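Structure, as structure tokens:
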Amino acid sequence: MLEVKNIHKSFAGVPVLKGIDFKVEKGEVVAIIGPSGSGKTTLLRCISFLEKADDGRIIFDEYEHEMKNVSRHDIKKLRMQMGFVFQSFNLFRNMTAFQNVMEGLTTARGMEKEKAKKIADAVLEKVGMSERADYYPDELSGGQQQRVAIARAIAPGPQVILFDEPTSALDPELTGEVLDVMKKLASEGTTMVVVTHEMSFAREVASRVVFMEGGVVVEEGKSKEFFANPKEERTKQFLKRTMRN
């Protein structure tokens, strides 16, 4: 469904992505793990064109483009099929939870307001935020803000949702409520790519795991096999250091 080939990206002459090939099939949950600075977030940002790759190709259903030459029109088309959940929530502070979800539907996508209201109500209920629909971000906990951000991402019905370390800004108590929502989405067949340091989520929920380090994919495989029998020595070291009983 979504594939990128040979992605390269440098910042100030320093290579961050060094020829990444990455693919996600419809209905898959792909967890991307690895140490800080390995290029995980940059990969997501290049896929969603929040950053422009220096080289590489993207294939998304009927679209196939050289990433460095994609027009603004085509970027808009591609983004309409993607949802993005940021580490830092990125909610509009002057809008309620309900308005934050509505904004993307009516302003960005030109949806008729009554239809958008029904969708906003439905997705806020799905993430357990109906009772706080009229609260502003500053009146919500971090976990609640992230659940609103997830509602905003799923509202337009994208083909794939990209999550950039969605729990890393949360304390452990609030992490669970966000992961529960993501597990629910996964059980419904939502296609997700999740950059995460939550090894339990990667092991129990992801269908496939990609381990990155130094701007390259070191190892990838089906989740159960990846954790039970990692093949690369570097993968073994990383898992030994990060896995919790």
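Given the criterion touching a residue at least 12 places away in the same chain (Cβ under 8 Å) and within 16 Å of ALA31 (Cβ to Cβ), identify the matching residue among GLU165, GLU177.
After ruling out the rest, the residue left standing is GLU165.
Against the definition (touching a residue at least 40 places away in the same chain (Cβ under 8 Å), under 30 Å from GLY13 (Cα atoms) and open to solvent by 30 Å² or more (accessible area, probe 1.4 Å)), how does SER71 come out, yes or no?
no
Name the one entry in PHE11, PHE60 that is under 28 Å from GLY221 (Cβ atoms) and aromatic (Phe, Trp, Tyr).
PHE60
Helices (runs of 4 or more DSSP H) wholly in the range 79-198 with at least 2 residues that are open to solvent by less than 30 Å² (accessible area, probe 1.4 Å), modelled with pLDDT of 95 or more and within 19 Å of LEU50 (Cα to Cα) - which ones?
Fully inside the range 79-198 and qualifying: 142-154.
Filter the range 217-245 for residues that are closer than 26 Å to ASN6 by Cα, in contact (Cβ under 8 Å) with a residue 40 or more places away in the chain and either among the aromatic types (Phe, Trp, Tyr) or assigned to a loop (DSSP other than H, G, I, E, B) (or both) and give the result.
Across the range 217-245, the qualifying residue is only PHE238.
Quick one: GLY39 ticks every box in (1) touching a residue at least 12 places away in the same chain (Cβ under 8 Å); (2) more than 30 Å from GLU204 (Cβ to Cβ) bar one, so which box is it?
Just one mismatch for GLY39, condition (2).
In the list ALA206, ALA202, which residue meets the criterion of being under 25 Å from LEU2 (Cβ atoms), within 15 Å of the chain's Cα centre (by Cα) and in a helix (DSSP H, G or I)?
ALA202
The values are calculated or read from the model by the stated rules, or taken from the named source; none is laboratory data. Being a predicted model, the structure only gives us computed values, none of them experimental. With ideal geometry, Cβ positions are generated from the backbone for all residues, glycine too; neighbour counts draw on all protein chains shown. We work out accessible area using only protein heavy atoms, side chains counted, and drop any ligands, DNA or RNA first. Shrake-Rupley method; radii C 1.70, N 1.55, O 1.52, S 1.80 Å.
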